[in-house]
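The next block holds one structure in the form of structure tokens; read it before the comments.
Bear in mind that the values in this text are calculations on the coordinates, not laboratory data. No experiment lies behind these values; they were computed from the predicted model shown. Cβ placement follows ideal geometry from the backbone for every residue including glycine, while neighbour counts extend to all protein chains displayed.
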Amino acid sequence: MRLIFTVCGFIAIAFVLLISVYLILSGLPAIKEVGLFEFLFGTRWDSTNKTDPAYGILPFILTSVWGTCGAIVLGVPVGILTAVFLARVAPPKLAAAVRPAVDLLAGIPSVVYGLVGMMVLVPAIKDIFDLKAGDSLLAAILVLAVMILPSIISVSETALKAVPKEYTEGSLALGATELETSFKVILPAARSGVAASVVLGVGRAIGEAMAILMVAGNSPNMPGLFKSVKFLTTAIASEMSYASVGSLQRNALYSIGLVLFVFIMLINVLLNMILKKDKE
Amino acid sequence: MQTTATTPLETRGLSGRRRAWHTVVRAAMYLSAAFTCALALGLIGYILWRGVPGLSWEFLTTQESILKGTDGILPAIQNTIYVILVTLVIVLPLGVGAAVYLTEYATNRRLTETIEFATETLAGIPSILYALVGMLVFCQFCNLGTTLLAGSLTLVIMTLPTIIRTTQESLKAVPAGYREGAAGLGAGRWHMIRTIVLPCALDGIVTGCILAVGRIVGESAVLIFTAGMSTSMQNFFGNGGLVKSSGATLTVALYVYAKERYKYDNAFSVAVVLLVLTLLINLAAKAAGKRAKRKEER
């Protein structure tokens, strides 16, 4: 029995190795063929052009970075403020009513967010800013901000609630008000948990594919708030179904996957560092 | 203590600057909380408003028919159930086994930490990368083609961390006295795990399953590329049925309706079904979690 359990124990490591090896093996050929510099910093992506194809993924990288930053800038303040409200200010009954709603938001499949974004946000952006089409980086940022909100709220709230009660009592005894205590004592005390929630949000935003595939327009432009753009994830998702096996186009998609994998691993390492610090 | 935060007494006697800070911060906080609530209500309300009119018994229990011009999502429901069952049947033994190894057998701390790090890493990998790897490994290398089975196998890798983590938590919560008692009575390790430890951790394992089901129901990217997008009926028990059938689950069907067939009302109706499923899964997870906790306190 011991042997069977040991094998099960190692399976997670095996899967991680399998994924890494496969992504590296299948991602390298195209990078080698296009040239690493040309691949990472080329500004033109035109994989279906028969005479002069180009495989530069800088637009995707920048779009992913801008999209994630935008979602964080919008989502994090709202999320943290809501978390403080739920953990410290709201009457228990109200908090108990809001929490299931937040959980529901966290559980809604991403295609549903994409659908609502497509039917509500995109036309609204088109009308408000008087554009030809509303499919844009802005729409994607808004969808992503909404999608990361629930995880930021629930992780931050848990962190805020874990701060020992003595902090509150001490702060109040020294003459700080309830609100000052919440924001100037408890929030800083819970900062590693809150930071973890933000990194988690970054990971979710950079890895999301289906929802933004439905609202971002999917043209390989350099990022611009009202331009139709492609993210690293949507670049893979939008061309995968028709790129033929063995072609440079398909291999280049694997290479994009490899770049995305590197991004995610960096974020994971960061998250682990924050959590480890928290334990100490 | 919490109610005093809203009484105006709080800021009485404070300097002007401190009072201004209170006004700004409090306004920002209430606005954010109100926004979150409005967002949740608005989203749910909008989906229900658009989707409920198209829902009918017929929509849920028939397949689409071009002749009659009717739509139905029975195939998508069947495919979803199939993927959930196959994934759970494979991932449960693996995940529970890994958790048992980590908590009961493993003695090397380094090794345990490595396995836990690997689990965390798996949990952080976005689904589009699982889709890529699933396509390469299961569809092409293992020659399964674009089938529900390939999709389920990919989802096994994806849901493994959830199962391992929740099982591990509940195994850790089994009191050491139980194990010592069993060992003292002469039970071997496997006997003890089988008769004492696992039954005590059952509620935690159930919670893990429910969370995994939630992840499977919500997943779309993986299934689009590994399990296919067909919305017609599968013959599960016919020629090579269970292994060879492919098709869209509910989320994929939603995507197909919205993005490729421009049948938005159908898409919203599927969204309502998904919303209800999510709600049920959340409630079930909470109930199972509560039971597990009560057991711990006992």
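Quick notes on this structure:
- Residue B:72 long-range amide H proximity, modeled H, under 5 Å: B:64, B:65
- Electrostatic bookkeeping for residue B:62 treats Lys and Arg as +1 and Asp and Glu as -1; over the other residues with beta carbon under 13 Å from its beta carbon, the sum is -2.
- Gaussian network model of chain B, Cα within-10 Å springs - most flexible of B:109, B:26, B:12: B:12
- Placing one equal scatterer on every Cα of chain B and applying the Debye formula, the log10 ratio I(q)/I(0) at q = 0.07, 0.09, 0.10, 0.16 Å⁻¹ is -0.41, -0.63, -0.74, -1.23.
- Nearest 10 degrees, 0 to 90: helix A:191-207 Cα axis against chain A principal axis: 20 degrees
- Neighbour-count order for B:135, A:214, fewest beta carbons within 10 angstrom listed first: B:135, A:214
- Cα principal axis extents for the stretch A:102-162, largest first, Å: 49, 19, 13
- Quarter of the Cα convex hull surface for the stretch A:58-279, i.e. its orientation-mean projected area (nm²): 14.3 nm²
- Cross-link pairs beyond the 29 Å C-alpha cut-off, checked among B:172/B:286; A:230/B:244; A:165/A:276; A:165/A:277; A:50/B:244: A:230/B:244; A:50/B:244
- Look at the stretch A:178-191: the mean tally of other chain Cβ atoms within 10 Å of its residues' Cβ atoms is 3.
- Residue order, fewest to most surrounding Cβ atoms within 10 angstrom, among B:139, B:200: B:200, B:139
- Within 10 Å of each Cβ in B:245-257, the average number of Cβ atoms from other chains: 2
- Based on C-alpha pairs under 8 angstrom that are at least 6 apart in sequence, the stretch B:58-297 has a relative contact order of 26 percent.
- Value at 222 nm in deg cm²/dmol, rounded to 500, when DSSP H runs of n ≥ 4 in chain B each add -39,500 (n - 2.57): -21500 deg cm²/dmol
- Annotation: aspartates and glutamates with alpha-carbon distance below 19 angstrom to residue A:126 (same-chain offsets under eight excluded): A:135.
- The protein assembly as shown, dipole about Cα centre (Lys/Arg Cβ +1, Asp/Glu Cβ -1), debye to the nearest 20: 1040 debye
- Debye, to nearest 20: dipole size of chain A, +1 on Lys, Arg Cβ, -1 on Asp, Glu Cβ: 380 debye
- Amide H contacts of residue A:54 (H built 1.01 Å from N, under 5 Å, at least 5 apart or other chain): A:46, A:47, A:49
- Shown for the stretch B:1-113 is the translational diffusion coefficient from the Stokes-Einstein equation, using the Kirkwood radius over Cα pairs, a temperature of 25 °C and a viscosity of 0.890 mPa s: 115 µm²/s.
- Here the Karplus curve 6.51 cos²θ - 1.76 cosθ + 1.60, taken at θ = phi - 60°, turns the phi angles of the stretch A:240-253 into couplings of 4, 6, 10, 6, 7, 4, x, 6, 4, 4, 5, 4, 5, 5 Hz, with x standing for Gly and Pro.
- Highest-MSF residue in chain B out of B:52, B:222, B:213 [GNM, Cα springs under 10 Å]: B:52
- Which of B:74, B:160, B:46, positive extreme of dipole for chain B (C-beta unit charges): B:46
- The separation of the stretch B:17-57 from the stretch B:111-139, counted between C-alpha centres, amounts to 35 Å.
- The magnitude of the dipole of chain B, with charges of +1 and -1 set on the Cβ of Lys/Arg and Asp/Glu and taken from the Cα centre, is near 940 debye.
- For the stretch A:46-146, the Kirkwood estimate of the hydrodynamic radius, built from every pair of different alpha carbons, is 16.4 Å.
- Shielding score for A:194-203, defined as the mean number of other chain Cβ atoms within 10 Å: 1
- The stretch B:185-200 - phi-based ³J(HN,Hα) in whole Hz, Karplus 6.51/-1.76/1.60, Gly and Pro as x: 7, x, 6, x, 4, 5, 4, 5, 4, 5, 9, 10, 5, 5, x, 5
- Compactness relative to 2.2 N^0.38 Å, alpha carbon Rg of the protein assembly as shown: 1.01
- With the convex hull constructed from alpha-carbon coordinates only, the stretch A:107-219 shows a mean projected area of 8.8 nm² over all directions.
- Residue order, fewest to most beta carbons within 10 Å, for A:228, A:182, A:156: A:228, A:182, A:156
- Across chain A, Cα pairs under 8 Å and at least six residues apart give a relative contact order of 26 percent.
- Karplus-based coupling profile of the stretch B:215-231, in residue order and whole Hz: 5, 5, 4, x, 7, 10, 4, 4, 6, 4, 8, 10, 10, x, 10, 6, 9, with θ = phi - 60° in 6.51 cos²θ - 1.76 cosθ + 1.60 and x standing for Gly or Pro.
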